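Taking it in order: structure first as structure tokens, then the write-up.
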Amino acid sequence: MRRVALIVVMTLLAGMLTALLALIYNLPLDTRDPAPVQPLAFSHSLHAGDYRIACRYCHRGVEISRTAGIPPLATCQACHLHIASDRPEIVKLLDQMKREEPVEWVKVYDLPEHVYFPHMMHLRAQLDCALCHGDVAGMERITRSVELKMGWCLGCHREHLASIDCWTCHI
Amino acid sequence: MSRQARFYQWGMVIDLDRCTGCGACVVACQAENNVALVEKQRFAEGRDMHWLRIERYWEGEFPHVRARFLPMLCQHCGDAPCEPVCPVYASYHNDEGLNGQVYNRCVGTRYCGNNCPYAVRVFNFLNPDWPQPLPDQLNPDVTVRSRGVMEKCTFCIQRIRRGKETAKSEKRLVRDGEIQPACAQTCPPGAIVFGNLADPDSHVSRLARSPRRFRLFEDLGTDPSVIYLKGGGHEHAG
């Protein structure tokens with residue numbers, strides 16, 4: 001009788017432990033706000049959506065570098081010196097430009113330091129930006145659309161027969 | 001198995017006749033790979049952090065003494081003793097003959113370091129701490145390892161990655177001599193040559209066929225990717 005009770009208790013404990021581990025495994029890695037408030041209310045849905053400005057017009061590093069890059073204020077100014085220069089957010093922007101202070105944008109997609117992610121290699125593989133960044137053209141404020149977990153990366157790498165060697169990303 | 005595997009087998013040849021023991025490779029390696037600095041006290045305790053070190057041997061009796069130098073780094077063994085002992089597969093072998101170390105997977109059992117016959121693996125006993133202005137000149141392509149992680153020479157994997165990326169975007173294979181680890185790039189007499197052993201015409205393959213070749217602890221059957229060329233000039237002839 002005691003032996004049966006022991007087996008039942010042990011099985012329950014093992015089940016609980018498994019459930020706990022499964023819960024921990026499925027918790028989000030990045031607990032920060034998926035759609036943080038930015039210092040300037042820049043609308044992607046207006047620029048990339050309505051006006052169809054290409055992603056690469058502003059994020060110029062994406063084809064040649066690891067990081068896509070945030071455009072310098074000069075890129076904004078190139079158009080906004082003349083376009084809509086009386087709107088309050090644009091006034092703020094031009095003011096900032098005059099004071100020579102950069103805008104401190106909040107990073108939405110952030111990978112840990114031990115991950116080497118080259119944007120340019122993914123563009124050369126003809127991948128669409130939306131695959132990871134979602135429908136940016138429809139977003140007023142950028143929202144993180146995917147969990148940047150390793151299994152998710154590997155799924156795509158396997159599908160496209162890209163390298164799944166550890167040292168491809170962890171160097 | 002990746003599709004490019006058969007094209008590359010990375011290897012290194014170190015010509016001991018050319019090595020002067022200057023230590024430039026040691027410094028270059030330290031700077032390139034964000035290797036932590038270690039205090040004098042810790043160094044004395046044997047906790048020095050070097051991915052590459054120069055071993056020094058004295059030969060002969062005074063006054064006819066000569067120093068011999070041997071740069072010692074991870075041999076990237078084909079049959080590496082460090083790999084099977086890792087309980088979490090942080091130490092693994094990749095398709096290109098490299099012996100990998102995945103920092104984010106390492107839990108710091110140090111089995112690999114203890115099983116390495118070349119004693120080239122180093123352990124982070126503390127979080128690295130660089131005095132100013134050194135933190136500002138860390139290599140952004142290399143992870144800064146934290147406490148409790150084993151590390152070792154990677155053949156400058158970040159440079160191999162970059163070389164392969166450039167080659168891939170130009171739709172060709174990596175050219176001979178295109179990729180150079182920091183030590184090979186720095187070596188003033190050019191004693192260190194790195195390249196692709198799978199290509200029989202590469203510089204490193206041609207040197208590897210030299211009659212002076214030997215590998216360290218060949219009898220252990222580790223099948224290292226680092227090939228040394230015997231030094232000593234006339235003294236060792238015949």
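Read the figures in this text as sums done on the coordinates, not as results from a lab. What you see is a predicted model, and the numbers here were worked out from it, not measured in a lab. Virtual Cβ from ideal backbone geometry, glycine too; neighbours counted across all protein chains shown.
Applying 1/(1 + (r/R0)^6) with R0 = 45 Å to the Cβ-Cβ distance of A:LEU20 and B:LEU126 gives a FRET efficiency near 0.90. Taking Rh as the Kirkwood radius computed over C-alpha pairs, what is the Stokes-Einstein D of the protein assembly as shown at 25 °C in a medium of viscosity 0.890 mPa s, expressed in µm² per second? In µm²/s, the coefficient is 98. Counting neighbouring beta carbons within 10 Å and listing from fewest to most, the residues B:ASP201, A:ASP30 come out as B:ASP201, A:ASP30.
Roughly how many Å is it from the Cα centre of the stretch B:1-71 to that of the stretch A:107-143, as a whole number? Centre-to-centre distance over Cα atoms comes out at 40 Å. The mean number of partner chain beta-carbon atoms within 10 angstrom of a residue's beta-carbon across peptide B:163-171 is 2. Taking Lys and Arg as +1 and Asp and Glu as -1, the other residues whose beta-carbon sits under 15 Å from that of A:ASP135 total 0.
Compared with the dominant principal axis of the Cα atoms in chain A, helix A:88-98 is inclined by about 80°. Among the chymotrypsin sites (Phe, Trp or Tyr not before Pro) in the stretch B:167-238, those placed in a DSSP loop whose Cβ has at most 15 other Cβ atoms within 10 Å are B:PHE217. Would you tally the net charge around B:ASP176, using a Cβ to Cβ cut-off of less than 9 Å, leaving B:ASP176 out, and scoring K and R as +1, D and E as -1? Neighbourhood net charge equals -2. Taking Cα atoms only, the orientation of helix A:2-26 departs from the longest principal axis of chain A by about 10 degrees. Among the trypsin sites (Lys or Arg not before Pro) in the stretch A:16-89, those located in a DSSP loop and surrounded by at most 14 other Cβ atoms within 10 Å of their own Cβ are A:ARG32, A:ARG52. Report note on the peptides B:71-80, B:119-128, B:12-21: ranked by the mean count of other C-beta atoms within 10 Å, highest first, their order is B:71-80, B:12-21, B:119-128.
Could you give the angle, 0 to 90 degrees to the nearest 10, between helix A:150-159's Cα long axis and the longest principal axis of the Cα atoms of chain A? Relative to chain A, helix A:150-159 is tipped by roughly 80 degrees. When Rg and Dmax are taken over the Cα atoms of the stretch B:120-224, they come to 17.2, 48 Å.
Modelled spin labels at B:ARG6 and B:GLN137, positioned 7 Å past Cα toward Cβ, are 4.5 nm from each other. Could you tell me which of rounded, prolate or oblate describes chain A, using a ≥ b ≥ c as the square roots of the eigenvalues of the alpha-carbon gyration tensor, with rounded for a/c under 1.5 and, failing that, prolate when a/b is larger than b/c and oblate otherwise? Here chain A falls in the prolate category.
Over the C-alpha trace of the stretch B:8-232, radius of gyration and Dmax come out as 17.6, 59 angstrom. Charge dipole of the stretch B:70-151 (Cα centre as origin; +1 on each Lys and Arg Cβ, -1 on each Asp and Glu Cβ, all else neutral): 340 debye, rounded to the nearest 20. Neighbouring Cβ atoms from other chains, within 10 Å of the Cβ of residues in B:140-151, number 2 on average. Restriction of the trypsin sites (Lys or Arg not before Pro) in the stretch B:138-238 to DSSP coil positions whose beta-carbon has at most 10 other beta-carbons within 10 angstrom yields B:LYS171, B:ARG172, B:ARG209. Largest GNM mean-square fluctuation among A:THR18, A:THR75, A:THR31, using chain A with Cα springs under 10 Å: A:THR18.
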